[in-house]
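Peer 1: Sending over a structure as structure tokens; questions will come in a sec.
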Amino acid sequence: MQRAEGVKSVLFVCHGNTCRSPMAAALARQLLGPGVEIQSAGVDAYDGTPAAREAVAVMAERGIDLSGHRARRVDPSDLSSFDLVVVMDSCIAATLRTFDLDPAKLVELDIPDPIGRGTEAYRTTAERIARALEGIFRPGGQGKKAGGS
């Protein structure tokens, strides 16, 4: 994955915006600090749904409070508003490609949805997300950029 240099805003997107994308947004805030606008959304989110209890618990283990998170559905205008759109899997990427999204802004991860699989699956998910974020935002990061650049 090409390192995300000069990025001032990042949108993380998953399916329901209750597990992966809010975890990713919280971990990115911890990694990047206050200088970058970070939000999350879901392609099929029910606005106002709280984060999964397992996600809240696993993030609390990392010193992050997700208890106030409320899901929101991704809006097509989001896709032009953010410097980088990080999606959790290829299905989400395919959905977003149906909108007017600059392929150079899209970063596709391969993070399975932990919903319904217990707390340990959420721990594994958090670790995978943390490693992926290091790859995106730290020097020497590797992976793939979905836009092909």
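Values in this text are rule-based calculations from the coordinates and carry no lab data. No experiment lies behind these values; they were computed from the predicted model shown.
Peer 1: Limiting things to C-alpha atoms, what are the Rg and the maximum Cα-Cα separation (Dmax) for the chain, in angstroms?
Peer 2: Rg and Dmax of the chain, Cα atoms, are 13.9, 38 Å.
Peer 1: Here is a follow-up. Just to be sure I understand: of the beta bridges DSSP finds with both ends in the chain, what percent are antiparallel, rounded to 5? It would help to have the intermediate numbers written out before the result.
Peer 2: On the way: 1 of 15 bridges.
Once the DSSP bridges in the chain are tallied, antiparallel ones form about 5 percent.
Peer 1: Something else now. Convert each backbone phi in the range 107-119 into a coupling constant with the Karplus relation 6.51 cos²θ - 1.76 cosθ + 1.60 (shift: θ = phi - 60°), then list the ³J(HN,Hα) values in order as whole Hz, x for Gly and Pro.
Peer 2: Once θ is set to phi - 60°, the couplings for the range 107-119 become 10, 9, 9, 10, 10, x, 6, x, 4, x, 10, x, 4 Hz.
Peer 1: Could I ask something else about it? Taking amide hydrogens as modeled 1.01 Å from N in the peptide plane, which residues meet the under 5 Å criterion relative to Ile115, leaving out close sequence neighbours?
Peer 2: HN-HN under 5 Å from Ile115: empty list.
Peer 1: For the chain, what is the mean residue ellipticity at 222 nm derived from helices alone (per DSSP H run of n ≥ 4: -39500 (n - 2.57); sum divided by total residues; nearest 500 deg cm²/dmol)? Mind showing how you got there, number by number?
Peer 2: On the way: 5 runs with 52 residues, N = 149.
So the helix-based figure for the chain works out to -10500 deg cm²/dmol.
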